[in-house]
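S.K.: Dumping the structure here so I can ask a few things about it.
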C-alpha cells in the first residue's frame, strides 16, 4: 500500500440509488449497516522471477513488475452495535465470470453470527463488463461509477492486499474508517470459482511477499491458480476454447503450506473431479472438503441470484430446471463458522472422507442410484429423492457447471420409503447428523427439511 492510497465515501446517489449487486437482505432487521466506498491509489504488478514457474508445487517465486493507478469500489456490511461484532471480517474477491460482480452477501449466517463482510471489485471485468452487454459498473450506473478503472488484472493481487490492510486490525482509523471504528481482529479472504483461482495465486505467489490475510476460504475451486500477468486483456473465462470443457478444468497445482495460516477448500463433486490430481491432506493448517452429489451451481442458488439480477436489470441466461438441486450454501455457512473458531481458539474443523473415485480416467464411484459415494453426505444424498450429481446435461461450459438432477419415479419412492412420514423421519435424522458432524449449520435445517417435504409432494402428486 502506498501513501497515495485514498478512501472515499460512503458513496451515495446514482441512477439506482444503491450499490451494484447489493444484498437482498433487510439490513435494518439484521441491525447491520451497508456502505459503499471507493478505493484509489497505485497498485503493484507482479511477475514470476527469472527461471521460476507457476509449477505444480505451489511454491512460486514472484517479484514486483511496476505500478499503475487504479480506482475501484467495495461494500462494507458491519454490525451497527459494536458489541455484536465477532472481530472477524470476511473479505470477498468478487467473482466476474458472468461479466459483472457476483458475491455472497445473502448469507444470514454471516449476519447472525456477527461477522463483517467486505465485497471488493478486484478485476477489470467488474468495472468494464464483457462484450456485447458490458454489464460492469460503468454500464450499470455511469452516474455512480463514472471514473472507476482497473487497467489490468495484473494489479488485482495488490488491490486485494491494500483493501485487506485498510479494513484490518492495523488500519489507520483517522479520517475515513470503512469499518466505523470496529475492533477488527482478523481478516479472512474468501473467493469462489474463478475468484478461488485468483486466491490460489495470491497464496502461492503473493502471500510470501506480503500477507495481510489471517485465513483463506476457497469455494468451488478447480485446482489451478490464475496467471500473474495478462496485460490489458479483458479476461473472459467463458470464451469458447478448443477441446472439451470438462477436460480443460483439471487441477494443475498444489497450494503452498508454509504460510502458517489456515486454508480451507470446500468443493462440490464437480471441482472434486478437477482437483483429483492435486488433492491435499488435512493438516493443522489445511482442510479439503468435498460434498457428494452437488455441483458448481444449483437450481436453488440460481433462482435466488435471479431475483437480484432482476432487481438490478441485469441480463442473464435462463435457468435450466434440470440442473443439480442440492445447494452447497449450507456447507459454506458452516465453513465461515469453522474458520472463525480455527482462528480464535484453535478449534480444528472436522475432517471428512474424500469422494470415492475409480476407473481411468478417475471419476466418482456411484451407488446403484447413481449418486457419488464418499465425501460429505448431505441429507439429500443420504436420503435421496433424486439422482443429483455433477454429470452435465450437455458439454458446454454452463451445462458443465450446473450438473443434473433426475427425480426418482413415484413407485421408487414408495418402495424405498413406504410413505412421506417415514421418508421425513429418515431425512430429519440425516439432517441432524450433518449438523452434529459439523457439515452444515443448525439454522439451515428448517429450509432443508421444508424443501424435502415439498419435493416429495411434487413427485408423488
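Each value in this text was obtained by applying a stated rule to the coordinates, not by laboratory testing. Predicted, not measured: the structure shown is a model, and the values here were computed from it. Heads up, the Cβs are rebuilt from the backbone with ideal geometry, glycines too, and the neighbour counts pull from every protein chain shown.
S.K.: Using all alpha carbons of the chain, what is the percent of pairwise distances in each 10 Å bin, ordered from the shortest bin to the longest?
M.R.: Bins of 10 Å from zero give 4, 21, 32, 27, 13, 3, 0 percent of pairs.
S.K.: Roughly speaking, what % of Cα-Cα pairs in region 1-90 are separated by over 23 Å, rounded to a whole number?
M.R.: Every Cα pair in region 1-90 considered, those over 23 Å come to 51 percent.
S.K.: I've got another one for you. What whole-number distance in Å separates the alpha-carbon centres of region 250-293 and region 11-79?
M.R.: 24
S.K.: Further question: With both partners inside the chain, how many of the DSSP beta bridges are antiparallel, as a percent to the nearest 5?
M.R.: Expressed as a percentage, antiparallel bridges in the chain total about 55.
S.K.: Another question, then. Using only the Cα atoms, what convex hull volume per residue in Å³ does region 1-261 have?
M.R.: Cα-based convex hull of region 1-261, divided per residue, equals 131 Å³.
S.K.: If you rank 333, 457 by fewest surrounding Cβ atoms within 10 Å, what's the result?
M.R.: Taking fewest neighbouring Cβ atoms as first place, the list is 457, 333.
S.K.: Okay, moving on. So, how do all the Cα-to-Cα distances of region 193-323 break down into 5 Å bins, in percent, from 0 on up?
M.R.: Over region 193-323, the share of Cα pairs per 5 Å bin runs 2, 9, 16, 19, 19, 15, 12, 6, 2, 0 percent.
S.K.: Shifting gears a bit: When a footprinting reagent is the concern and you count Cβ atoms within 10 Å, what order do 63, 271 take, fewest first?
M.R.: With the sparsest Cβ surroundings first, the list reads 63, 271.
S.K.: Sum -39500 (n - 2.57) across every DSSP H segment of at least 4 residues in the chain, then divide by the residue count to get the 222 nm mean residue ellipticity, nearest 500.
M.R.: -8000 deg cm²/dmol
S.K.: What does the highest-first list of 400-408, 372-380 look like by mean Cβ count within 10 Å?
M.R.: 372-380, 400-408
S.K.: Output the peptides 179-190, 344-355 sorted from most to least packed, where packing is the average of other Cβ atoms within 10 Å over each peptide's residues.
M.R.: Those peptides, ordered most packed to least, come out 179-190, 344-355.
S.K.: OK, next. Name all residues of region 424-445 having a backbone nitrogen under 17 Å from the label point set 7 Å from the Cα of residue 408 along its Cα→Cβ direction, giving them as ranges.
M.R.: It comes to 424-431, nothing else.
S.K.: Return the Rg/Rh value of region 297-461, two decimal places, where both radii are evaluated on C-alpha atoms and Rh is the Kirkwood radius.
M.R.: My calculation of the ratio gives 0.98.
S.K.: I want to check the label-to-label distance for residue 396 and residue 303. Put each point 7 Å from Cα in the C-beta direction and report it in nm to one decimal.
M.R.: The two pseudo-label positions are separated by 2.3 nm.
S.K.: Report relative contact order for the chain in percent, whole number only (criteria: Cα-Cα under 8 Å, sequence separation at least 6).
M.R.: Once divided by the residue count of the chain, the mean separation gives 12 percent.
S.K.: With label points built 7 Å along Cα→Cβ from the Cα atoms of residue 454 and residue 84, find their separation and express it in nm.
M.R.: Simple spin-label model gives 2.7 nm for this pair.
S.K.: In nm, to one decimal, how far is the modelled label at residue 426 from the one at residue 177, with both set 7 Å along Cα→Cβ?
M.R.: Modelled inter-label distance: 5.6 nm.
S.K.: Ranking 368, 307 by Cβ neighbours within 10 Å, fewest first, what do you get?
M.R.: 368, 307
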